[in-house]
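Following: one structure in structure tokens, then a few remarks.
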Amino acid sequence: MPYWYFDKEQLRDTPSRRDGVDSETERRYRRETAQFIRDLANLMSLGYSTIHTASVLMHRFYMFYSFRTFPRFVVGCSSLFLAGKVEETPKKCRDIIRKAAELLSPQRMVSFGDDPKEEILTIERIMLKTIKFDLQVDHPYRFLIEYAKVLKSNGNVPKEQVVQKAWNFINDSLATTLYLQWEPEIIAVAMVYLACKISKYDVIDWVDRTPEHTKWWDMYVMDMTKTILDEICHQVLDLYQNPTPKIEVPCISPPQLAASKNYKNVKPTTPPPSKRQKIQQDAAGISTKVAGNHQIPVKVSSNQDINKTMTIVNNHIHHSHTFGSYPSTSYQNPPLPGYASAIPPLPPQSNHHQKPPLPPQQPPLPPARNVYPINHTTRYPNSTQYYTNQPPPPSHNKNNRSNNYYHH
């Protein structure tokens, strides 16, 4: 399974940055694509889970390809098309193209080429190979509801208002790269923390509080500091200081490819690391989330647990087969002419039972005559007068060999 979390150095060294796209332009491209996916999904009455999955797939895709190589709006359509199948809300490709034409200007629809359907399907295949067919995307919404239920306050601010604001913050955070840096549990904690600060919802107590839990989020994420929460919240608040322009507003776009055949030879700059490779690079990676200079243990695990997990992973990946222990078959194909047999033939078995011989073939029956007697009720043994080509009588039983009217 690929490891989909990157540190700050990797986020500053994306394929788009190496392709000449500055950091501000790349952030704007990501915001525009995420907003396009949301608007397109709303036109097609798709749910929040499909929007979230499509946005995360788009962010992961552009960690291995440049915006100058793949047009962002075509990638947005492909991400939504794939996310619809992942979340069991599939939409037809022609419907996605028709709704995208309502949102985009004719100048932007040029990036779809002469055959938009082929463009979307081609990028979908490339996306599946890029993400190594890992279609599992965890959503922070269920963690948000779980965390909000345990909070207690003595203020007049209703909890529903806090939950709604945190929900909106999660939707807006899809335009950032937070989901490439942090797990959904940590993002849910940060969005609830931000919603409580803005709504002035003072948390005085929470359910199942213990003496070692100094903050309410300590029950879910250990050693989470306010410095890290503030860093996550500032990335969301920066969206409101620099709002995303509408799609209709003209802006500088990267060169667009004309046909799908230009994508066939494109390969990702850096393949995504597997989960096992990430564990080998950092043995504490199973129980620790690292980003920048911060280190947040999500689950506290001992070295014994980590070694046990490494053994399970190695046993699951590596399968050592001992071919010598496999039972050999008793039948050996004859060697080809001119080639020596690699395996010597088995010795003949003296007590080998042969099949019994077949019984002698019985003589065939004489051919039937399609003739019937004159009187169908009384048989005359010495009669030689027959009607030919007549049907059998209704009461005649063909299976009764004692009354054989067909042979003499």
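The values are calculated or read from the model by the stated rules, or taken from the named source; none is laboratory data. Worth saying up front: this structure is predicted, and the values here are computed from it rather than measured. With ideal geometry, Cβ positions are generated from the backbone for all residues, glycine too; neighbour counts draw on all protein chains shown. Side chains are part of the model used for accessible areas, which takes the heavy atoms of the whole protein and leaves out ligands, DNA and RNA. Shrake-Rupley method; radii C 1.70, N 1.55, O 1.52, S 1.80 Å.
At a glance:
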read-out: Charge sum, other residues only, whose C-beta stays under 13 Å from T214's C-beta, Lys/Arg counted +1 and Asp/Glu -1; value: -1
read-out: In Å², nearest 10: area of D238 left accessible to a 1.4 Å probe; value: 70
read-out: E118 versus K92: modelled label distance in nm, points set 7 Å from Cα along the beta carbon direction; value: 2.1
read-out: Over the range 44-105, relative contact order from alpha-carbon pairs under 8 Å, at least 6 apart, %; value: 40
read-out: Qualifying trypsin sites (Lys or Arg not before Pro) for the range 157-235 [loop in DSSP, other Cβ within 10 Å: at most 16]; value: K200, R209, K215
read-out: For T50, net neighbour charge (Lys/Arg +1, Asp/Glu -1) across residues whose Cβ lies under 10 Å away; value: 0
read-out: Difference of contour (0.36 nm per residue) and Cα-Cα distance, Q164 to T225; value: 19.6 nm
read-out: Accessible area of W167 in the full protein assembly, 1.4 Å probe (Å², nearest 10); value: 60
read-out: Residue-level accessible surface for L229, protein heavy atoms, 1.4 Å, Å²; value: 0
read-out: Sparsely packed trypsin sites (Lys or Arg not before Pro) within the range 64-143, loop by DSSP, other Cβ within 10 Å at most 15; value: K92, K132
